[in-house]
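The values are calculated or read from the model by the stated rules, or taken from the named source; none is laboratory data. Everything numeric here is computed off the predicted structure, so don't read it as measured data. Cβ sites come from the backbone with ideal geometry, for glycine too, and all protein chains shown count toward neighbours. These accessible areas exclude ligands, DNA and RNA; they are computed on the full protein's heavy atoms, side chains included. Shrake-Rupley method; radii C 1.70, N 1.55, O 1.52, S 1.80 Å.
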Amino acid sequence: MKKLVLLILTVCVLTSCAPARTFDDNGKLNVCASFYAMYDFARTIGADDINLYNMTPSGAEPHDYEPTAADMARLNDADIFIYHGGIDSWAEEIIDTLPETVRVVHAPELISTYYPDDPHTWLSPLNTELEFNAVCMAFESADEANADKYRARADEYTARINELDAEYKNAGFAGKTLFVSHGAYGYLCGELGMEQFALDSISGESDPSPAQMAEMVKTIDEKDAECIFYDPLDTSKLADAAASEAGVRTEPLSTFENDSEERDYVTVMRENLERLKSALN
Ligand SMILES: [Zn+2]
C-alpha cells in the first residue's frame with residue numbers, strides 16, 4: 001500500500017509540474033483497460049473508433065501487477081476506465097482518486113452471482129456477454145455519434161459468445177472434476193455442473209504439504225483424471241509436482257488474464273475447450 005501511495009504522490013507531482021502523457025489528439029474516445037481481458041472486450045466493441053490503452057503489459061500477471069507512474073498519468077487523462085475488481089486490486093484502490101472526467105466502468109456490474117474468492121468471472125461465456133453489455137453501454141453514452149457502431153459490434157460478438165457457450169454446454173463435462181493449478185474456473189465449472197480442484201486453493205501461498213499432496217493424488221486417482229492444467233502465465237512447478245506423484249500429464253489452460261495481441265476471447269476459450277475435451281472425455 002505504501003508503494004501505491006508513493007505512486008499516487010508521484011502522479012500528482014508529475015501532473016502538476018508537466019503535461020501528462022496523453023492519448024492521440026484525434027477526437028476519439030480515450031479508454032484505459034486494467035488488464036488484457038478488459039482490453040480485449042473494449043477493442044472488440046470500440047475497434048478504430050476509440051483510442052485504447054492496456055494498463056497491464058504483455059506477459060505480466062495481473063494479480064500482482066502495479067502500473068507505472070506514466071501509465072497512471074495517462075489513466076488520469078482517459079474518458080473511460082474499465083476495470084474488473086478482485087484481480088486488478090490496484091485499480092480498486094485508485095478509482096476514488098481519479099478526476100471526475102474519467103468515467104469508471106466496473107465490468108461485472110450486471111453479473112448477479114459473484115464469488116468473493118474467485119474474481120475470474122469472464123471464464124464463463126454468459127458472464128462475458130454481460131460484461132460486453134456493460135462496456136458497450138458506457139461507450140454508447142460517452143460517444144453518442146458512434147453508438148450504433150458500438151452496439152452492432154457488441155451484438156455480433158455476443159452471438160459468437162453464445163455459440164461458444166452452447167459448445168461448452170454440449171461437450172459432456174457435467175459431473176467431471178477439473179484439476180487446475182490456479183483456481184480460476186469456478187464460474188465455468190458452476191455453469192457446466194463440474195467440480196474444480198485447485199492446487200493453489202489447498203496450498204495457499206506455499207507448496208502443498210506431504211499430507212495435502214497425498215490427498216490430491218488420492219483424489220486424482222479416485223476421479224480417474226488424466227491431466228492437471230496450469231496457467232501458462234504462471235510456473236507449472238506445482239502442477240508438475242502433483243502430476244508426477246499422481247502419474248498424470250500437465251497441460252496449459254488459459255485464464256485469459258493476459259495473452260498475445262492477436263488472440264481474442266473466443267479464440268482462447270475455444271482452444272481451452274479443445275484441451276478440456278481431449279483430457280476429460
Ligand atoms: Zn487469476
query: Here are some residues: Y185, Y115. Which one is within 30 Å of T219 (Cβ to Cβ), open to solvent by 20 Å² or more (accessible area, probe 1.4 Å), touching a residue at least 40 places away in the same chain (Cβ under 8 Å) and within 16 Å of the ligand (Cβ to nearest atom)?
result: Y115
- request: Give just the number: which of (1) assigned to a loop (DSSP other than H, G, I, E, B); (2) at pLDDT 95 or above; (3) within 16 Å of the ligand (Cβ to nearest atom) does N127 not satisfy?
  value: (1)
statement: Of those in the range 244-268 that are surrounded by 16 or more Cβ atoms within 10 Å (Cβ to Cβ) and farther than 27 Å from A37 by Cβ, the residue farthest from the chain's Cα centre (by Cα) is A246
- request: Return yes when A37 is outside any loop (DSSP other than H, G, I, E, B), touching a strand residue (DSSP E or B) at 6+ places or on another chain (Cβ under 6 Å) and touching a residue at least 60 places away in the same chain (Cβ under 8 Å) and no when it is not.
  value: no
Count of residues meeting criterion [among the β-branched types (V, I, T) and either more than 16 Å from the chain's Cα centre (by Cα) or outside the structural domain of F23 (by TED's automatic domain parsing) (or both)] in the range 52-91: 2
query: So which of A70, A91 ends up being in a helix (DSSP H, G or I), of a type in the set (A, V, I, L, M) and away from the ligand (no atom under 16 Å from the Cβ)?
result: A70
Unmet requirement for A134, which otherwise passes all of (1) over 30 Å from I82 (Cα atoms); (2) open to solvent by less than 30 Å² (accessible area, probe 1.4 Å); (3) not in a loop (DSSP other than H, G, I, E, B): (1)
message: Cβ-Cβ under 7 Å, sequence separation 6+ or interchain: first residue in the range 59-71 and over 15 Å from D231 (Cα atoms), partner part of a helix (DSSP H, G or I) and within 16 Å of the ligand (Cβ to nearest atom). Which pairs?
response: E66/W90; P67/W90
- request: Identify, by number, the condition in (1) charged (D, E, K, R); (2) under 13 Å from the mean Cα position of the chain (by Cα); (3) modelled with pLDDT of 95 or more that D143 doesn't meet.
  value: (2)
